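Quick notes on the structure that follows.
The values are calculated or read from the model by the stated rules, or taken from the named source; none is laboratory data. The structure displayed is predicted, hence computed values, not measured ones. Counting neighbours? That spans all protein chains shown, and the Cβs are built from the backbone with ideal geometry, glycine included. Side chains included, ligands, DNA and RNA excluded: accessible areas come from the protein's heavy atoms. Shrake-Rupley method; radii C 1.70, N 1.55, O 1.52, S 1.80 Å.
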Amino acid sequence: MQLNAGHRAVGAGIKRRSSRSFYMRLSNYFLPTLKEDPKEAEIVSHRLMLRAGMIRQQAAGLYSWLPLGYRVLRKIQAIIEQEQARAGAIQMLMPTLQPAELWRESGRYDDYGKEMLRISDRHDRDLLFGPTNEEMITDIFRSYVRSYRELPLNLFHVQWKFRDEIRPRFGTMRSREFLMKDGYSFDIDREAAEKSYHRMFVAYLRTYHRMGLAAIPMRAETGPIGGDLSHEFIVLADTGESGVFCDRNILEKPIPPADTDFEGDLSSIVSDWTSAYAATEDMVDMAEFEARVPAQRRISARGIEVGQIFYFGTKYSTAMNALVTGPDGRDAAVHSGSYGIGLTRLVPALIEAFHDEDGIVWPTSVAPFEVVLLNLKTADEKCSSICDKMYHDLKNAGIDVLYDDTGAGAGSKFATADLVGIPFQLIIGPRGARSGEAEIKNRSTGQRQSVALEQAVPLLQKTIEPERRDRI
RNA sequence: CGGAGUAUAGCGCAGUCUGGUAGCGUACCAUGUUCGGAACGUGGGGGUCGCAGGUUCGAAUCCUGCUACUCCGACCA
């Protein structure tokens, strides 16, 4: 089997933002918002996702993603895919169902317990709904890769997983079916594997940063092999499931820029980030925490885990006989790591971080739409003709726009726009229509600004461009 | 899996204790007046009261069993 063993062009395949926008008239859309709080939702993100018409629960821990929620999920996925490509990871897709046989080989079929959903097909063959993909990717790797010259290799996919949680809760924060990006690296030895680990570490810093999130890498459990090569990425939030302890300094560390050389040495970036104390409650050593971090810089808070990276060495390659021939001509088990990001958990994590009493406040880079155009009086001919033109201009400017062209009252439109959290509201009312002015409201700051009609779209374009964070 | 709850119109709830043939708010449909913070009037449609048994002349209501969902705990991306 011939494989391309040459130097992979890291960063190839990063898509530039297309000039085409996503646009929609609310009168044609499906946005079932709720005025009242659903009784089943306890935490703010779950409440807001239901009220904003983003998700619908189908059973415990199973959710449909309604159009608005799905758009956010897709935006998050696009950012992850771009940053994975930048770091040299290659996207593929594995099935949701896996043969039990592979898991018997690794020994995990019996170890995994009741969290694994076991299924049998019409021929009584044992299958399972994959909770993760180490076995399957190792099987793929061993089937094709024979030589160290084909390494390093990092393969990832974004696929639905299932873990039969005893108690799913908090909406999609802890669901049974969940969408996850999981990647797997393959290297000839521990030293090379460490480089792969560093590439993902840096890619993760950039990924969360582009979503507007401060995700802190914290030392995590590694098991017998890993040494210090396991980190959880944690977003601070009061509703977080784990207690976390860290140095405030870590929040001011510089994010590696877009032109970071992923083929170069990234260890200085990683050691800078890991030099500041940060650990979850499972790992924290209070004496060390207090010794290393001055009292005024200590943060002890709650956090949501939105990703984990993990070096596991030859655990699966040994069990499953995934060997490569090294430069010395001898076969050795390949060294691997796995790298996960929970997409369906990131959505509520973002809402926990970005909301106020009126609703969600999306960072522009993950917002379902960038602008909502509010026609405050559709019965007014002048008002409507201005809005129609604005809608057209926003589309042409490449802005994702939702046009509220419904006959609802002004107050109701404001309330819906605030609830669903679109970052900019372009407001056209009958008064402004006559005086030639539009109003732009910034959802995040609450500030309103009057602008001449012809300046509205150029101003929005100029404001939104840097907030997309697709060049940082 | 241990503990605690809930189930009545799309959603949020009352009615259950004390049995008499189902109601409020909102949403929905029609219509008129409105139109810058979830407008108002008038008229209308929608519920085998989670499911299955039982008691009774009669069950949303009392009894038994089951199911689903939520919360706390243990567990977890």
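Here is how the numbers come out for the structure above:
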item: Residue (of A:256, A:144, A:396) at the positive-pole extreme of chain A, dipole from beta-carbon charges; result: A:396
item: Helical mean residue ellipticity (222 nm; -39500 (n - 2.57) per DSSP H run of 4+; nearest 500) of chain A; result: -9500 deg cm²/dmol
item: Ranked packing of A:266-276, A:73-83, A:313-323, most packed first, by mean Cβ within 10 Å; result: A:73-83, A:313-323, A:266-276
item: Long pairs among A:75/A:315; A:35/A:462; A:35/A:161; A:75/A:462; A:181/A:315; A:114/A:195, criterion Cα-Cα beyond 28 Å; result: A:75/A:315; A:35/A:462; A:35/A:161; A:114/A:195
item: Amide H contacts under 5 Å for residue A:470, placed H, 5+ residues apart; result: none
item: Residue A:388/residue A:241 FRET efficiency (R0 60 Å; Cβ-Cβ; nearest 0.05); result: 0.80
item: Centroid-to-centroid separation of region A:153-225 and region A:370-427 [C-alpha atoms, Å]; result: 38
item: Of all accessible heavy-atom area on chain A, the percent that carbon and sulfur account for (1.4 Å); result: 47
item: Principal-axis tilt of helix A:453-467 within chain A, Cα atoms, nearest 10 degrees; result: 20
item: Under 20 Å from the residue A:143 label point (7 Å along Cα→beta-carbon), backbone N, region A:309-324; result: A:316-324
item: Sequence-separation-based contact order of chain A, relative, with Cα cut under 8 Å and 6+ spacing, percent; result: 18
item: Per residue solvent-accessible surface (Å²) - region A:364-467, probe of 1.4 Å; result: 41
item: Förster radius 51 Å - calculated FRET efficiency between residue A:20 and residue A:169 (Cβ-Cβ, nearest 0.05); result: 0.85
item: Globularity ratio of region A:364-467, using Cα Rg and 2.2 N^0.38 Å; result: 0.96
item: Net charge over other residues, Cβ less than 9 angstrom from the Cβ of residue A:178 (K, R count +1; D, E count -1); result: +4
item: Nearest-ten-degree value, helix A:190-210 long axis tilted from longest Cα axis of chain A; result: 10
item: Solvent exposure of region A:277-344 as accessible area per residue, Å², 1.4 Å probe; result: 43
item: Simple label model, 7 Å out from Cα along Cβ direction - residue A:64 to residue A:286, nm; result: 4.9
item: Rg(Cα)/(2.2 N^0.38 Å) for chain A, N = residue count; result: 1.07
item: Spin-label proximity, residue A:123 to region A:82-106 - amide N less than 20 Å from point 7 Å beyond Cα toward beta carbon; result: A:95-105
item: Between region A:244-321 and region A:81-146, the Cα center-to-center distance that results, in Å; result: 28
item: Between helix A:381-396 and chain A: long-axis angle, C-alpha atoms, 0 to 90°, nearest 10; result: 30
